[in-house]
Amino acid sequence: MARRGQRQSSARRIVPRNQRRVRDLDNRGIIPVLARAVREVEAAAERGPVMASVRTKFQVVALLVREQRALVKADETSSEAHRAEQLKRLDGVATILAKTAARDTSLLALLAEDAVVSDAARSLKRDMLRTAGVETAPDEAPPTKPALADATTERRVVPQSVISRQLANPFLAPDFASAARSQPRPRRLAGWELLGPLLRSFEYAGSGAPACLALPEPSSLGAPGGLQLMSHQARLVAAAAAGHRTFLLADEPGLGKTAQALLAAKAANAYPLLVVVPNVVKTNWAREAGLWTPNRPSTVIHGNGDTIDGFADIVIVNYDILDRHVDWLGDLGFRGMVVDEAHFIKNKTSQRSQHVLQLSDRIRSRSAHPLLMALTGTPLINDIEDFSAIWQFLGWINDTKPLAELMESLEETGLTPADPGFYPAARSCVVDLGIVRRRKVDVAADLPARRIADLPVELDGEASRSIREAERDLARRLVSRYEGALATRTSGLVIEGIDHDLVRQVATWERKDTTTAKTDQNVFTMMRRIGQAKAGLAADYAAQLARNVGKVVFFAKHVDVMDIAQQTFTKRGIRYSSIRGQQTPASRQQNIDAFVNDPDVSIVVCSLTAAGVGINLQVASNVVLAELSWTDAEQTQAIDRLHRIGQGDPVTAWRIIAAQTIDARIAELIDSKAGLAARALDGSDEEVSSSADVQLEALVALLTDALSASQ
């Protein structure tokens, strides 16, 4: 019986002859050699610092992948299916190379078009080809193009002026003096998960908890060209002059963060300086650089960078085109990097966040003590986790643990996350690394008051009936899902009245469906329709303000709402300018200048997303918010275009609310989230849910109200 079982087992392992032939062919040639080599490279990179021999093997594998792809594509003797299979296998090798390079970004330099191929690399390449059964001439010319055929690399460029700069400085070497400090070995904290407790230390902050790095007193408030700094600005510049090099500058909007960053770079001699900003403020940053650091030429990257000055000290680029320039920016030798509106990188899976983090890693690996500054007046949008990407940019943490300086500080506390005193001590350790948060009420006592005034409006006519019917349809759909879930429940659980856990689950399903499938009526389409219905009323109110009190800023979220407002102003004979996302930087600046400088331009119509950051509109003191944002942070940013240093009048934001609709409930939910940054950074005792989701809570409220009405 045992022998029969063995014969049957052997029979099951018999492979058809034609299949063996395919597998034999698959195990021949260069691809299996490359597959083994790339696994060796990957394993070596996972173990620790990449040695010279591993770097050589990485480069050779990359070169051979490129060459082999070209050969496979040009091979007309093979079937299409065979070529597709070969290319697929090569793509697998390329993917491992890309992942390895992401782990150690210094490897990316080996893929550059002008990367030097050493004699050792050429020798290894010949050996690998011989192993694969391919003979090569000893004087084979090295390849001249990058090896990885990645989709994003096709868009990447190197401006000619940058090449000129590189040629002018052929012997400029990176400063590795102390850039690669060894990570201290954890002692007490070995085995502890620390990132979660570090983040929670801000969530648990009580009243009076430190919110700002201790800053030195400035020796002077003077600035170039006779300009004057406020004391809080000068103190940060003094800290940079004293040697501090990482800052999360989270001052409330309107307290002059741009000037602080430019003068900190000057104090730290952090040139060349890279500044990454939203597109809307590129031109403004160049203007501010000319004002605060006039002896340091700046250049702005547009498109492929054909017009930039490759020798400038300050290079300004927007997030949207960073993917084209990330390669040469990483090699230019920056000694400082500023990320404006740093909450833009809170999603670490996004391409722009990955590029920012890659550049930060590159700068920290090549320069001793670079200046790194994250600027944002609203560091927390929805959740305490929004801190993570900013801390990683600054070099305080990586994906899994605190890095050297923070880890050493945590060890010095003598505490672990199991100790009651760990959380305030850990929070203090992070703050001391460079969190700087000042409130207007504390440092700009002479800044006039700001208030938000809600103006309920009654929608009427067909639009009103349509919106209310849409709300009822959505509520009925939610109730139907709720009742269906109750009917199919198998747990036997019976709850008197409304099952609030199930309500939240149903709202979660609805929100997921809203973001993954197109539906005629959902919370997003309803808010847009409400905005359209309010547009004329909001524009009428803005027109009245303009005639009675002077210049007015009008904010809307959707283009069609802006269009309705502008049509209204045209009918009323009111001159206006407009700031929208599709404008060129030059056109946007012309519209800003027209509103600021022309007394006949009474209103500026602004997009919440395109004009909500980095623009100074303090010539006005009244702002009309025609549509609601989904976050208090976005609303605050818009208001603070007016409520900032230099404003002489009290600022009023007139928020237009559609009464007796979901609009009113969402306004309440937005206000309930307003304390998140205050609680985390300012030590406020206000209780807020750091993970609250306004869209989800709006659906929960709608379903709860509908169920209550039916009982």
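Overall form of segment 214-326: prolate. Here a/c, set by the Cα gyration tensor axes a ≥ b ≥ c, is 1.5 or more, and a/b is the larger of a/b and b/c.
3J(HN,Hα) along segment 461-471: x, 4, 4, 4, 4, 5, 5, 5, 5, 5, 4 Hz, from the Karplus curve 6.51 cos²θ - 1.76 cosθ + 1.60 with θ = phi - 60°, whole Hz, x for Gly and Pro. For residue 606, nonlocal amide neighbours, meaning residues 5 or more places apart or on other chains whose placed amide H falls under 5 Å from its own, are 554, 555, 556, 579.
Between residue 586 and residue 399, the modelled label-to-label distance comes to 4.3 nm, taking each label 7 Å out from Cα in the direction of the beta carbon.
What net charge is computed for the residues neighbouring residue 233, neighbours being all others with C-beta under 11 Å from the C-beta of residue 233, Lys and Arg scored +1, Asp and Glu -1?
Within the 11 Å Cβ shell, the charges total +2.
Here residue 708 and residue 441 are evaluated by their C-beta separation; at R0 = 56 Å the FRET efficiency comes out at 0.90. Would you tally the net charge around residue 479, using a Cβ to Cβ cut-off of less than 13 Å, leaving residue 479 out, and scoring K and R as +1, D and E as -1? Taking every Cβ under 13 Å from that of residue 479, the sum is -2.
Selection among 116, 77, 53 by position relative to the dipole of segment 37-136 gives 53 as farthest towards the positive end (Cβ unit charges, Cα centre). Rg and Dmax of segment 195-443, both derived from C-alpha coordinates alone, stand at 17.7, 57 Å. Exceedance of the 23 Å cut-off in Cα-Cα distance is limited, within the set 348/557; 346/401; 440/557; 57/348, to 348/557; 440/557; 57/348. Proximity of backbone amide H atoms, modeled 1.01 Å from N, is registered between residue 454 and 655 at under 5 Å, excluding neighbours fewer than 5 places apart on the same chain. Once you reduce segment 270-335 and segment 360-432 to the center of their Cα atoms, the two points are 26 Å from each other.
In order along segment 343-353, the Karplus-derived 3J(HN,Hα) couplings, from 6.51 cos²θ - 1.76 cosθ + 1.60 at θ = phi - 60°, round to 5, 5, 9, 4, 8, 5, 7, 6, 5, 5, 5 Hz, and Gly and Pro are given as x. Using the Karplus relation 6.51 cos²θ - 1.76 cosθ + 1.60 with θ = phi - 60°, the per-residue 3J(HN,Hα) values for segment 247-257 come to 9, 9, 8, 10, 4, 4, x, x, 9, x, 6 Hz, with x marking Gly and Pro. What whole-number distance in Å separates the alpha-carbon centres of segment 542-582 and segment 32-55? So the separation of the two Cα centres works out to 60 Å. Listed by chain and number, the lysines whose C-alpha is less than 21 Å from the C-alpha of residue 266, apart from same-chain residues fewer than 8 away, are 257, 282. When each of the peptides 496-508, 60-72 is scored by how many other beta carbons lie within 10 Å of its residues on average, the order from highest to lowest is 60-72, 496-508.
The simple spin-label model puts a point 7 Å past each Cα toward its Cβ; for residue 597 and residue 188 those points are separated by 6.1 nm.
Per-residue packing, averaged as other Cβ atoms within 10 Å, sorts the ranges 452-465, 589-602 into the order 589-602, 452-465, beginning with the highest.
Taking the mean number of other Cβ atoms within 10 Å as a proxy for protection, how do you rank 429-438, 641-650 from highest to lowest?
Those peptides, ordered most packed to least, come out 429-438, 641-650.
In this calculation the C-beta distance from residue 468 to residue 127 is compared with R0 = 56 Å, giving a FRET efficiency of 0.15. With both labels modelled 7 Å from their Cα along Cα-to-Cβ, the residue 219 to residue 665 distance reads 6.1 nm.
If the segment from residue 575 to residue 309 were pulled out straight at 0.36 nm per residue, it would be longer than the present Cα-Cα gap by 92.0 nm. Relative to the current alpha-carbon distance between residue 120 and residue 320, full extension at 0.36 nm per residue lengthens the span by 68.1 nm. Taking amide hydrogens as placed 1.01 Å from N in the peptide plane, the amide H of residue 651 sits under 5 Å from those of 449, 450, 451, each at least 5 positions away in sequence or on another chain.
Coordinate-derived values only; no laboratory data. Since the structure is predicted, the reported quantities are computational estimates derived from the model, not experimental observations. Here Cβ is always computed from backbone atoms with ideal geometry, including for glycine, and neighbour counts include all displayed protein chains.
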